[in-house]
Amino acid sequence: MHREHTKAVSVGDVVIGGKNNVVIQSMTNTKTEDVEATVKQIARLEAAGCELVRCTVPTLEAARALGEIKKRVHIPVVADIHFDYRLAIAAIENGADKIRINPGNIGSKERVKAVVDAAKERNVPIRIGVNSGSLEKEMIEKYGGVTAEGITESAMDKVRLIESMGYDNLVVSIKSSDVLMSVEAHKIIAKMTDHPIHVGITEAGTIISGNIKSAIGIGLILSEGIGDTVRVSLTDDPVQEIYSAKLILRTLGIRKSGVTVVSCPTCGRTNIDIISLAGQVENMVKDIDADIKVAVMGCVVNGPGEAKEADIGIAGGIGEGLLFRKGEILKKVPEDQLLSSLKEEIDRIIIS
Ligand code: SF4
């Protein structure tokens, strides 16, 4: 498994690769120059379980803001740089724990070297990010279009360039909005490098299409044993990206912490608004860090039996419902108290 043989890269106090946990990350969508708004959003991301956060650095003011932001947050901060090598250096000087660059758009070798030297001086890791959308013309011509081989070769060229400058404190990412191409590219690059790999599907889309594409793409890549850190990209509140990433990792059995909610698809036996109830339960448990399974079922006849693998669950009846544990009924509960009774029981399980 590639993940078990990657180099360990320290980003602040978080380690990517080297048999460590797959790190969950996201990116702020505030103006980085707006320290208050950015710190506030990072606090929400932290509370949701984000372990590493990336902020865009499009200006010198944003690079300077990083210093202040870092003082007020508890997770490492990565600076996202495009085009201007001076911003990469400024971000490093202002305490960025890692920088993300595409050496292909940084410019001359001398400019890339200036960034690498600054990173080397402070031992700041560099994530080399290559995106199918910005693949060089030579690669497109060589492979007859944008292909997995082309993206991979482009990324490896940049890895070798930076290694030739005497620096190997690197994380690599190759992104494509084409899910299957992305999977293929990861399989190829995993055979070529032992640098940790950042996995994500770029421009995945809004909450439904973004989640589906990410779950398939990131899921397939992770299940190949590839990927040391993940970011789910959604056109939505970045906090949603954390919940999605956690769910992908939990579903694959890669991370255990967090409540798994199962709910029935509803049918003609349903006598309760189970759709809204399931949503409320998901919301109630989303920040609980315990490895338990909670079931929300639509009827008392089949619900407890169908969900007997769940640690705890509720099943809706007419005006009342059942609270059950491992398929065994604990008690009847009035409909309006189902949610609070479930919470009490979850708390009891966590404490015991
Ligand atoms: S638990 Fe009951 S309501 Fe839900 S799908 Fe099964 S039979 Fe239908």
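Computed from the coordinates by the stated procedures, all read-outs in this text should not be read as laboratory data. In this text the structure is predicted, and so the values were computed from the model without any measurement. Cβ atoms come from the backbone with ideal geometry, glycine included; neighbour counts cover every protein chain shown.
Applying 1/(1 + (r/R0)^6) with r as the Cβ-Cβ distance of residue 21 and residue 141 and R0 = 41 angstrom yields a FRET efficiency of 0.50. Dividing the convex hull volume of the alpha-carbon atoms in the stretch 313-352 by its residue count gives 54 Å³ per residue. Label-to-label distance, residue 163 versus residue 83, with points set 7 angstrom from Cα along the beta-carbon direction: 3.1 nm. Label-to-label distance for residue 256 and residue 207 is 3.1 nm, based on points extended 7 Å past Cα in the beta-carbon direction. Residue separation times 0.36 nm, minus the C-alpha to C-alpha distance between residue 93 and residue 31: what's the value? Result for the pair: 20.4 nm of gain on full extension. Once the Cα-Cα distance is subtracted from the 0.36 nm per residue extended length, the residue 180 to residue 351 segment shows a gain of 57.2 nm. Centre-to-centre, using Cα atoms only, the stretch 297-331 and the stretch 1-38 are separated by 40 Å. Listed from fewest to most Cβ neighbours within 10 Å, the set 213, 137 follows the order 137, 213. Start at zero, step by 10 Å, and the Cα-Cα distances of the chain spread as 6, 23, 29, 21, 12, 8, 2, 0 percent across the bins.
The length gained by stretching the chain between residue 343 and residue 72 to full extension, at 0.36 nm per residue less their Cα-Cα distance, is 94.3 nm. Kirkwood radius, the stretch 62-112, all distinct C-alpha pairs, inverse of mean reciprocal distance: 11.1 Å. In terms of distances greater than 20 angstrom between alpha carbons, the cross-link table entries 246/293; 19/113; 70/98; 246/286; 98/120; 7/191 yield 19/113. Inter-part distance, the stretch 43-69 to the stretch 206-237, computed on C-alpha centroids, equals 21 Å. Taking every C-alpha pair closer than 8 Å and separated by at least 6 residues, the mean separation divided by the residue count of the chain gives a relative contact order of 13 percent.
Neighbours of residue 290 by Cβ distance under 14 Å: Lys/Arg scored +1, Asp/Glu scored -1, total +2. Near the amide H of residue 320, within less than 5 Å, lie the amide hydrogens of 335, all on another chain or at least 5 residues away, with H placed in the peptide plane. P(r) for the stretch 197-238, from all Cα pairs and a bin width of 10 Å, is 34, 52, 14 %, short bins first.
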